[in-house]
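K.L.:
Before I ask anything, here is the structure I am working with.
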Amino acid sequence: MGSRNIVPDGEASPSTSPIMENIADDRFFVLSLKEGSFMSVSPIIIHKTILAMVGDVKAIKKCKNGKLLVETANAKQAALIINLEKIGEKEITVAPHYSLNTTKGVISESEFQNDTEADIMEYLKYQNVSAVKRISIRKDGQYVPTKHLILTFNVPNLPKSVFIAYINCPVRPYVPDPLRCYKCPKFGHSVQSCRGNQTCARCAEIGHASNTCEAAPLCANCKGDNPSYARSCPRWKDEKEIQTVR
C-alpha cells in the first residue's frame, strides 16, 4: 500500500460539481489540509492515520500541489474516507477526484443513428451513464452526425457493454484526439499556455491565422504538403497513437 510518488499539479484536484455523486462508486479521493501543505507532513503520520481510520487502501500519493491522492480498495473504505476530518492533529477536507472516478467509452450502432442524445440517455441513466454525446464529422463545410456515441460513466472501470432498448451495445475505450494549439500550431498544449508565435495551420507561415489563408498547404509539424490540422499528417497519427497508449 502507499507510494512516495509525486504526481503533477492538476492530477489531484477535487470535484467542482455541486452535486455529490454516489460515494460508493468513487475510488479516488483528494485530501487537502485546511491550512498548509501535506509536503510538510510526515508520511508515517499520514499512513498510520489512514490505516487506522480507513484501512489498507490501494495507494497514497503526495502531490506537487500539496494535496494527497488516495485510491481506496472498496465502497466501505470510500464511505469512511469521505468522513475523515483529521490527519494527525491537522484538519483536512476530503472530496472525490474530479476525473479519475469517471471513464469514457464509445458505442457504434447504426440503428440509433437518428435517435436523439436525450432519448438514448433515457435508457442509459440507470447504467452508470452521466452523459451521451454524438460524434460529428465535418464534410463539405457541414457537420454530419455519425453512429458513434461517447458515453461518460460515473464509475472508474469501463463496462464491457450497455443495453439500449433491446440491443446489447459493446463499449470500447474512448481515445480523445491529440491536443493541438490553435496559435502555434504544435501538439501537446493549448492556446492558453502557448509561448510560440501565431502560425498559420494551413501554410505554416508566421504572422497570420488559417481561417482566411488560401496559400498552398504546408504542415508546421511534419513539413508535408498537408495543413497542420489534417488527420493524414504523420505527426497527428503519432500523437493519436500516444493518446491510445495513455
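The values are calculated or read from the model by the stated rules, or taken from the named source; none is laboratory data. As the structure is a prediction and not an experimental result, all values here were calculated from the model. Cβ placement follows ideal geometry from the backbone for every residue including glycine, while neighbour counts extend to all protein chains displayed. For accessibility, only protein heavy atoms count, side chains too; no ligands or nucleic acids. Shrake-Rupley method; radii C 1.70, N 1.55, O 1.52, S 1.80 Å.
K.L.:
Run the helix sum for the chain: -39,500 (n - 2.57) per DSSP H stretch of 4+ residues, divided by residue count, reported at 222 nm to the nearest 500 deg cm²/dmol.
P.N.:
-4500 deg cm²/dmol
K.L.:
Could you give the distance between the Cα centres of the range 187-227 and the range 49-123, to the whole Å?
P.N.:
With the range 187-227 and the range 49-123 each reduced to a Cα centre, they are spaced 39 Å.
K.L.:
I would also like to ask the following. Ignoring ligands, DNA and RNA, what percent of the accessible area of the chain is carbon or sulfur (1.4 Å)? Could the numbers behind the result be given before it?
P.N.:
Numbers: 7600 of 15060 Å².
C and S fraction of accessible area: 50 percent.
K.L.:
Taking 8 Å as the Cα distance limit and 6 or more residues as the minimum spacing, I'd like the relative contact order of the chain as a percentage.
P.N.:
14 percent
K.L.:
If you take every residue apart from residue 158 with its C-beta less than 10 Å away from the C-beta of residue 158, what net charge results, scoring Lys and Arg +1 and Asp and Glu -1? Don't skip to the end; give the middle numbers.
P.N.:
Details: positive: 104, 160, 172; negative: none.
That sum, taken over residues with Cβ under 10 Å, equals +3.
K.L.:
Residue 209 to residue 133: FRET efficiency via 1/(1 + (r/R0)^6), r the Cβ-Cβ distance, R0 22 Å, to the nearest 0.05? The partial results should precede the final answer.
P.N.:
Working: r = 27 Å, r/R0 = 1.24.
Rounded to the nearest 0.05, the efficiency is 0.20.
K.L.:
Still on this structure: Mind running the shape call on the chain? Use the C-alpha gyration tensor, a ≥ b ≥ c as the square roots of the eigenvalues: rounded below 1.5 for a/c, prolate if a/b tops b/c, oblate otherwise. Don't skip to the answer; put the middle values down first.
P.N.:
Working: a/c = 2.93, a/b = 1.45, b/c = 2.02.
Oblate.
K.L.:
In addition: Rolling a 1.4 angstrom probe over the protein heavy atoms, how many square angstrom per residue are accessible across the chain?
P.N.:
Numbers: 15060 Å² over 246 residues.
Each residue of the chain exposes 61 Å² on average to a 1.4 Å probe.
K.L.:
Compute for the range 75-149: radius of gyration divided by Kirkwood radius, i.e. Rg/Rh, restricted to C-alpha atoms, rounded to two decimals.
P.N.:
Details: Rg = 19.8 Å, Rh = 16.0 Å.
Taking Rh as the inverse mean 1/r over Cα pairs, Rg/Rh reads 1.24.
K.L.:
Non-local amide H neighbours of residue 171 (under 5 Å, H modeled in plane, Pro and chain starts lacking H): which ones?
P.N.:
Amide H neighbours of residue 171: 161, 162.
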